[in-house]
1. Given (1) within 19 Å of Leu71 (Cα to Cα); (2) buried (at least 23 other Cβ atoms within 10 Å of the Cβ); (3) of a type in the set (A, V, I, L, M, F, W, C); (4) out of contact with any Phe, Trp or Tyr (no Cβ under 7 Å at 6 or more places or on another chain), where does Val155 come up short, assuming only one miss?
2. Checking the conditions here, which among Tyr4, Tyr62 is open to solvent by 20 Å² or more (accessible area, probe 1.4 Å) and under 24 Å from Trp262 (Cα atoms)?
3. Within segment 78-85, does at least one residue satisfy the condition of being hydroxyl-bearing (Ser, Thr, Tyr) and outside any loop (DSSP other than H, G, I, E, B)?
4. Restricting to segment 72-111, name every residue that is surrounded by 10 or more Cβ atoms within 10 Å (Cβ to Cβ), of a type outside the set (A, V, I, L, M) and either at pLDDT below 85 or closer than 18 Å to Ala210 by Cβ (or both).
5. Looking only at segment 126-181, count every residue that is in contact with a Leu (Cβ under 6 Å, 6 or more places away or on another chain) and at pLDDT 90 or above and tell me the total.
6. Of all residues in segment 7-33, which are part of a helix (DSSP H, G or I) and either under 20 Å from Tyr62 (Cβ atoms) or open to solvent by less than 10 Å² (accessible area, probe 1.4 Å) (or both)?
7. So the check is Cβ under 6 Å with 6+ separation or different chains; which pairs have a first residue in segment 243-257 that's in contact (Cβ under 8 Å) with a residue 60 or more places away in the chain and a second one that's surrounded by 19 or more Cβ atoms within 10 Å (Cβ to Cβ) and not in a helix (DSSP H, G or I)?
8. Look at Ala211 and say whether it is out of contact with any strand residue (DSSP E or B) (no Cβ under 9 Å at 6 or more places or on another chain), under 22 Å from Gly15 (Cα atoms) and either of a type outside the set (Gly, Ala, Ser) or at pLDDT 90 or above (or both).
Amino acid sequence: MNDYLLSVLLGIIEGLTEFLPVSSTAHLRISEALLGIDLHNGFWKMYSIVIQLGAILCLPIYFRSRIGRFLSNFPHGERDDRTVMNHPLTLVLIAFVVTSIPAWLLHKRIGDNLENMQVIGWSLLIGGVVMWIVDAHFGPPRSTGRHMTERMEEVSTTQAIWIGVCQIASAVFPGTSRSMSTIAAGQVAGMSRLAALEFSFFLSIPTMLAATLYTLFKTLHPKAGEPLGHMPVNGHEWTVLAIGFVVSFIVALAVVAWFMNWVRRRGFTPFAIYRIVVGIAVLVWAMRAHA
């Protein structure tokens, strides 16, 4: 396939799947196998990092007004009922720290799992079942009269820590999906679909930026004898990289806007079903490949 068309395709896949609860990592690995390309090749390794960065950058753009309000009312909150320790921005950082430390300590295991299609298949399948059950039980508005956390401004410290703990699974088991784990965790902790989704998006900003920039640093400054990737060396590679970055950014921005509106009216069941179907297909494929 022409490199330019391949870049457009991979940019679309990254933009479509990065923030939907279906795992962008799994879809890039599946695409790599189906298209017969090596995303661990020096240039394509760099490419996969850059297109993920393109997707990440859509979030500050989309949520710029929300971020501005949070910054303007820090640390007391819009209702003057928050402190520096439980303001929404602080809670996002708390959840990030809870996730990042174990993920960094387990980075070797994470690297091994990225190469294992069976792990990816089981993670897609099990994550889909979990999401389906959680959304069916905790997703609909409660009629019991018990309070539900409807907005991100109402999230508690306990809820933030719980979401951070659950997000560790998405780091260790590729295919789990960061957004799936945070959304499901938020719903179990009493958050509405929209509140869980919004917190998931905000948490993804520091989480994904840190992971992407750390990987980029390792790629540009590898240990001796361990080259992980390289920057483009000619105009062709720079053009391929730029196409993927721009396509990923535009598609991801459209997906975030669409997904926020979708969740206001519907639940996550279609994505759970999709995960289950793809997970089964990946497992069958992996078993036949090893037969």
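1. Only one criterion in (1) within 19 Å of Leu71 (Cα to Cα); (2) buried (at least 23 other Cβ atoms within 10 Å of the Cβ); (3) of a type in the set (A, V, I, L, M, F, W, C); (4) out of contact with any Phe, Trp or Tyr (no Cβ under 7 Å at 6 or more places or on another chain) is unmet by Val155, namely (4).
2. Tyr62
3. No, segment 78-85 contains no residue that is hydroxyl-bearing (Ser, Thr, Tyr) and outside any loop (DSSP other than H, G, I, E, B).
4. Within segment 72-111, Thr90, Phe96, Thr99, Ser100, Pro102, Trp104, His107, Arg109, Gly111 qualify.
5. 2
6. Within segment 7-33, Ser7, Leu10, Gly11, Ile12, Ile13, Glu14, Gly15, Leu16, Thr17, Ser24, Ala26 qualify.
7. Ala252/Glu18; Val255/Phe19; Val256/Phe19
8. Judged against the criteria, Ala211 is not a match.
The values are calculated or read from the model by the stated rules, or taken from the named source; none is laboratory data. All values derive from a computational prediction rather than experimental measurement. Cβ coordinates were reconstructed from backbone atoms using ideal geometry, including for glycine residues, and neighbour counts include every protein chain displayed. For the accessible areas, the whole protein counts, side chains as well, though only heavy atoms, and no ligand, DNA or RNA atoms are used. Shrake-Rupley method; radii C 1.70, N 1.55, O 1.52, S 1.80 Å.
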